[in-house]
Amino acid sequence: PPQRSFGNDDRGAPRPRRFGDDEARPPRRYGDDERRPPQRGGFGGDDRRPPQRSFGNDDRGAPRPRRFGDDEARPPRRYGDDERRPPQRRADGDDTRRPAAPARRFSDTADRARPVRTERPAPRAEAREPVRQQAEANDDGLIRLSKRMSELGLCSRREADEWIPRGWVLVDGKAVTELGSRVRPDAEIEILQAARSEQGERVTVLINKPVGYVSGQAEDGYEPAAVLFAPENQWAEDPTRKRFQPWQRKNLAPAGRLDIDSTGLLVLTQDGRVARALIGDDSNVEKEYLVRVVWESPEGPVERNISAVFPADEIERLRHGLSLDGVPLKPAKVSWQNEEQLRFVLREGRKRQIRRMCEQVGLRVVGLKRVRMGRVVLGDLPPGQWRFLGAFEKF
C-alpha cells in the first residue's frame, strides 16, 4: 500500500500545495527530500552507512544551514581540531596531537607534516670497496686515447674528442668510436684523411697588436684583439692570398698573451696543435721581445745611453738567477739591442714576466714589443693589421 506522507495523496503522488499547508507541515530543510536516490560514497559505499554526527549535521549526517546562535554553542575551530584526522606522529615518537598553531596562512601545508631532516651516514667500508677496486683497475698502465693523441702532437684533446665518435681514429688498425677509451702507450694511432682535411681548414692568424687591446676577453672597457680580425684590417701584402670568411672567427683563441701596454706579434688560432706548441706545458718555442727601459739609479733616472752605465752583473741576473712568486725562472737570453733597448729571448711566459724581472734589477719598462715566436717573425706587418699563417710557416 502507498505510504501516506505530508503533501502526498492516497497513491503516494505529490498533490498541489493548498492553503494552510504551512501550518500543518514543518519547514523543509536540506536533506528532507525523500525521493532523492541514495548517494554512493567515495569508497563504493552508499548512504545506508550509520550517519556521522558532528557539529552542523542533522540526525542523518547531512550538513544543515547555519543558524543564529551557532557561534555561542560551537567553539572556534583551531588547527588540529578535526576529529576525523589521525594524530600526527612527531619526531620524538609522541602520538599526541600538536599544540594549537596560529591561523593558517597562504602556502601553509596543514595536511602534511614537515619531514625531519637527518644527517646522512658516512658510507661503510664495504660500500667504498668497489670504488677502490675500480681505481686500481684503471691503474693498469693504460692512458686515455685523447690524451695520448695530444702528447703525440696529432691534435688537441678537444679535437680528439670530436674525431673519435666519427670513427676517424684508428688504434692498431681498428677504429675506436667510444669517448674515454684507454690505450697502451706504445699503441699505433692513426687518423683518417677526413680528419686531416678538417684540420687543414682551421686557420691561424698573426696580428700586430697595438697598445690598448687585451689578448683575451674584454676587460675594464678595453676591447679584445680579436675584434681586429675583420676583412678591412687584412694586410694587403698577405703572402697566403687567403680571404677572410665569417666562419673563421669560430673558436679562434689567443695562443700566448700580451698585456694591454705591450705591442707586437699575437697569434690567434683554431688549431690545437699550434696552441700546444706555443703555450703547452712542455713548450720550448722561443719568444723574442724588444724592451725599452729606464734605469732608476741611486743618483736618479737614467734615460739615455743606459747600456754604458748599467752594471754588467745585473744583466747576468736577468739571464739567470731571478725567481717570480718563489719559483725560479728558466735561463733567458738577454742582451743590449741599442743604448736604451734590451733584447729578451724567453722559453716561458709567466704573467708580466719581463716587467717584473726588470723591476728586480732597478729597470722600468717604458715599451715592450714581441717580434718573433719560434721561426715566425712579425716582419713588416703594420700595427692593427693581420695576416694568415702560411702553410709553409712553422713555429
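Of the peptides 303-309, 383-389, the ranking by mean beta-carbon count within 10 Å, highest at the top, reads 383-389, 303-309.
Remark: the range 322-335, residue by residue, has Karplus-estimated 3J(HN,Hα) of 9, 9, 10, 6, x, 10, x, 8, 5, x, 10, 9, 10, 8 Hz, where x stands for each Gly or Pro and the curve is 6.51 cos²θ - 1.76 cosθ + 1.60 at θ = phi - 60°.
In a shell of Cβ-Cβ distance under 11 Å around residue 387, excluding residue 387 itself, what net charge do Lys and Arg (+1) and Asp and Glu (-1) give?
Within the 11 Å Cβ shell, the charges total -2.
Computed from label points 7 Å out along Cα-Cβ, the spacing between residue 252 and residue 352 is 2.9 nm. Label-to-label distance, residue 161 versus residue 174, with points set 7 angstrom from Cα along the beta-carbon direction: 2.5 nm. Were the residues from residue 303 through residue 322 laid out at 0.36 nm apart, the gain over their Cα-Cα distance would be 4.4 nm. Per-residue 3J(HN,Hα) values for the range 242-254, derived from phi via the Karplus relation 6.51 cos²θ - 1.76 cosθ + 1.60 with θ = phi - 60°, read 7, 10, 5, 10, x, 5, 6, 6, 5, 6, 8, 10, x Hz in sequence order (x marks Gly and Pro). Cross-link reach is defined here as a Cα-Cα straight distance under 21 Å, omitting same-chain residues fewer than 8 places apart; for residue 330 the lysines meeting it are 287, 351, 369. With a ≥ b ≥ c taken as the square roots of the eigenvalues of the C-alpha gyration tensor of the range 238-395, please select rounded if a/c is under 1.5 and otherwise prolate if a/b is larger than b/c or oblate if it is not? Here the range 238-395 falls in the prolate category. The HN-Hα couplings worked out from phi for the range 145-151 by the Karplus form 6.51 cos²θ - 1.76 cosθ + 1.60 (θ = phi - 60°) are 4, 5, 5, 5, 5, 5, 5 Hz, whole numbers, x standing for Gly and Pro.
Rounded to the nearest 0.05, what FRET efficiency do residue 184 and residue 296 give with R0 = 45 Å and r taken as the Cβ-Cβ distance? Could you check? Walk me through the numbers on the way to the answer.
Working: r = 58 Å, r/R0 = 1.28.
It comes out at approximately 0.20.
Among the listed pairs 174/250; 174/242; 174/394; 209/242, those with a Cα-Cα distance over 27 Å are 174/250; 174/242; 174/394.
Note down the net charge around residue 274, summing +1 for each Lys or Arg and -1 for each Asp or Glu among other residues with Cβ under 11 Å from its Cβ.
On the way: positive: 202, 273, 276, 394; negative: 271, 393.
Charge balance near residue 274 sits at +2.
Modelled this way, with points 7 Å down the Cα-to-C-beta line, the labels at residue 335 and residue 313 are 2.4 nm from one another.
Since every read-out is calculated from the coordinates, none of them should be taken as a lab result. This is a predicted model, so every value here is computed, not measured. Cβ coordinates were reconstructed from backbone atoms using ideal geometry, including for glycine residues, and neighbour counts include every protein chain displayed.
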